[in-house]
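Below is one structure, written out as C-alpha cells; comments come after it.
The values are calculated or read from the model by the stated rules, or taken from the named source; none is laboratory data. Because the structure is predicted, anything quoted here is derived from the model rather than measured. Every residue, glycine as well, gets a Cβ built from its backbone with ideal geometry; the counts of neighbours run over all protein chains shown.
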Amino acid sequence: MIYTNIYRILDRLTRLYIMPILFSFGICSIPLAIIGLNPIVVYSRLVFGAFRDRYWISELILKITPLLMCSLAVGLSLRVSFWNIGVEGQFLIGAWASGGIALTFGYFSKYVLIPLMMVAGFISGALWISVPAILKTKLKVNEIITTLLMNYIASLWLNHFVYGKWKGADGFPYTEKFSESAYLPGLIGQRMHIGIFFGICIVAVFYLIFKKTRFGYEARVVGESVKAAKYGGINTNMVILIIALASAGIAGFAGMIDVSGIHHRLHPNILLGYGYTGIIIAWLSKNDPIIILLVSALFGILAVGGDIIQVLQVPNSIVRILQAIIFLSFLVADKLFSHSSKAY
C-alpha cells in the first residue's frame, strides 16, 4: 500500500509538474538565447539558487509558508465543492485581528500573547466567511461571488485602521511596531520563523481527518455528490459550514503568522497574492494535502529563483513570462493527464 501511494505521487509529480517545467524551460530558452544569456546558467540559478546559503533558504521557507497555508485553506473547502475565493480577505482579517491584539496587549508575555494572536487570527478568519457560508447553505447563494467581494471589504477594513486610528506616530500608513513578545521565534539566524511547522501540522491534520475519521468520510461524500450525501443521511449543510469555517480559519491563521513572523506591524501591502496563487496550487494538487505541500515548495522555489536570476540581468518580464508558461503548462498537463487516466 505504501509503495503504491509513493508510485502514485511520483507518477503525478512527473506528469503534472516535472514534464511541464522541462517543456517551459525549452520554450523560454529561445528568448534567453536571443538576448545573449546562457539558458543553462539561468535555469540552474532559478532552480538551485534558493539552496546556495542560509539566507536564501530562509527566504524560500518564508515564501512557502503563506503559499502552503493559503493553498490548504482553498483545498480544504474544495473537498466539499465550496469555492472559497475569499482567502485573500480572510488572510487580511486574520492579520488585522491578531495585529490588534499585539498592539493592545503588547505588555503580555510571549507565551500568552502569541497564543492569543493565533486564536484571534483563526476565529476572525472563520467569522469573516460565516456570511457567505450561511448564504450558501441556507439560500444557495453562489459562494464564488460572495467570498470574492468580501476580499475588497477586508482590504478597505484594514486600510481604515492603518490610515486611521492605528496609524503610526510618524504619519505613514502603517502601525507602530509590535512589542517583541508578539514576534514568532526565528530560526537559523535569519528572517525564517517557526510558522512553517504550523503549516506542516495542518497538512498532517488535514490528511488524518479525511483518511481516518467519520467526518472526513462524510465530507468526501458531500464533495462527490450532495444528493448522494443527503440520501445517506448526512447533514450536508452542517458539513459544508464546518469545512468553510475551518478553511477560512486557516487563512486567518496564515495572516497572523505573516504579520507576527515577518512584518511585525500592519500596513496596506501585507498581501502578495497568496490567496489567488493558493487557488492554483490547490487545483493542481487535486486538494491532496501532501501534494499541496510539494507544489507549494515548487512555487516557492520559482518565486525565490525569479528574484535571484535578475542578478544575471535577466529582465523581469522574462521571469514573469517563464512563470506564466510554467503555470499554463501545468494546466494543460493536468487536462491531458485526466484524459489519459480516463482512457486507461
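If you go through segment 285-306 and keep only what is touching a helix residue (DSSP H, G or I) at 6+ places or on another chain (Cβ under 8 Å) and over 24 Å from PHE197 (Cβ atoms), you end up with just GLY306.
Of all the numbered requirements in (1) in a helix (DSSP H, G or I); (2) aliphatic (A, V, I, L, M); (3) at pLDDT below 95; (4) under 19 Å from TRP157 (Cα atoms), ALA251 misses one, and that requirement is (3).
Scanning segment 284-293 for residues that are part of a helix (DSSP H, G or I) and either surrounded by 17 or more Cβ atoms within 10 Å (Cβ to Cβ) or of a type in the set (S, T, N, Q) (or both) yields a total of 5. Kindly establish whether SER81 is hydroxyl-bearing (Ser, Thr, Tyr) and assigned to a loop (DSSP other than H, G, I, E, B). Yes, satisfied.
Conditions (1) in contact (Cβ under 8 Å) with a residue 12 or more places away in the chain; (2) farther than 30 Å from LYS165 by Cα; (3) not β-branched (Val, Ile, Thr), marked per residue:
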position: GLY261; (1), (2), (3): yes, no, yes
position: GLY278; (1), (2), (3): yes, yes, yes
position: PRO289; (1), (2), (3): yes, yes, yes
position: LEU293; (1), (2), (3): yes, yes, yes
position: SER296; (1), (2), (3): yes, yes, yes
position: GLY305; (1), (2), (3): yes, yes, yes
position: ILE308; (1), (2), (3): yes, yes, no
position: ILE321; (1), (2), (3): yes, yes, no
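For segment 131-141, the condition of being of a type in the set (Val, Ile, Thr), buried (at least 18 other Cβ atoms within 10 Å of the Cβ) and modelled with pLDDT of 95 or more holds for none of the residues. Among residues of segment 80-92 that are more than 26 Å from LYS227 (Cα to Cα), none has a beta-carbon under 8 Å from a residue that is part of a loop (DSSP other than H, G, I, E, B) and acidic (Asp, Glu) at least six positions away or on a different chain. In summary, no helices (runs of 4 or more DSSP H) completely within segment 1-78 bear 2 or more residues that are surrounded by fewer than 20 Cβ atoms within 10 Å (Cβ to Cβ), modelled with pLDDT under 90 and touching a strand residue (DSSP E or B) at 6+ places or on another chain (Cβ under 6 Å).
Rundown of residues vs (1) touching a Gly at 6+ places or on another chain (Cβ under 6 Å); (2) of a type in the set (Gly, Ala, Ser), yes/no style:
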residue	(1), (2)
GLY186	no, yes
HIS193	yes, no
GLY199	no, yes
PHE210	yes, no
PHE215	no, no
ASN235	no, no
MET238	no, no
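Restricting segment 92-108 to residues that are hydroxyl-bearing (Ser, Thr, Tyr) and assigned to a helix (DSSP H, G or I) leaves a set whose member that is nearest to GLY261 (Cα to Cα) is SER98. Residue count for segment 320-344 under the criterion of being part of a helix (DSSP H, G or I) and either modelled with pLDDT under 75 or acidic (Asp, Glu) (or both): the result is 9. Scan segment 168-187 residue by residue and report those that are surrounded by 16 or more Cβ atoms within 10 Å (Cβ to Cβ) and more than 18 Å from ILE257 (Cα to Cα). Matches in segment 168-187: PRO173 only.
Would you confirm whether or not segment 263-276 contains a residue that is among the β-branched types (Val, Ile, Thr), farther than 30 Å from THR137 by Cα, outside any helix (DSSP H, G or I) and at pLDDT below 85? No, the conditions are met nowhere in segment 263-276.
Considering every residue within segment 122-134, establish whether at least one is farther than 14 Å from ALA248 by Cβ, aliphatic (A, V, I, L, M) and without any contact (Cβ under 8 Å) to a residue 60 or more places away in the chain. No. Does segment 205-212 contain at least one residue that is crowded, with 22+ Cβ neighbours inside 10 Å, of a type in the set (Ser, Thr, Tyr) and either without any contact (Cβ under 8 Å) to a residue 40 or more places away in the chain or out of contact with any Phe, Trp or Tyr (no Cβ under 6 Å at 6 or more places or on another chain) (or both)? No; the residues of segment 205-212 include none that is crowded, with 22+ Cβ neighbours inside 10 Å, of a type in the set (Ser, Thr, Tyr) and either without any contact (Cβ under 8 Å) to a residue 40 or more places away in the chain or out of contact with any Phe, Trp or Tyr (no Cβ under 6 Å at 6 or more places or on another chain) (or both). For segment 33-48, residues that are of a type in the set (A, V, I, L, M) and closer than 23 Å to LEU331 by Cβ total 2. Would you be able to say whether some residue in segment 98-117 is buried (at least 24 other Cβ atoms within 10 Å of the Cβ), in contact with a Gly (Cβ under 6 Å, 6 or more places away or on another chain) and either free of Cβ contacts under 8 Å to residues at least 40 places away in the same chain or among the hydrophobic types (A, V, I, L, M, F, W, C) (or both)? Scanning segment 98-117, I find no residue that is buried (at least 24 other Cβ atoms within 10 Å of the Cβ), in contact with a Gly (Cβ under 6 Å, 6 or more places away or on another chain) and either free of Cβ contacts under 8 Å to residues at least 40 places away in the same chain or among the hydrophobic types (A, V, I, L, M, F, W, C) (or both), so the answer is no.
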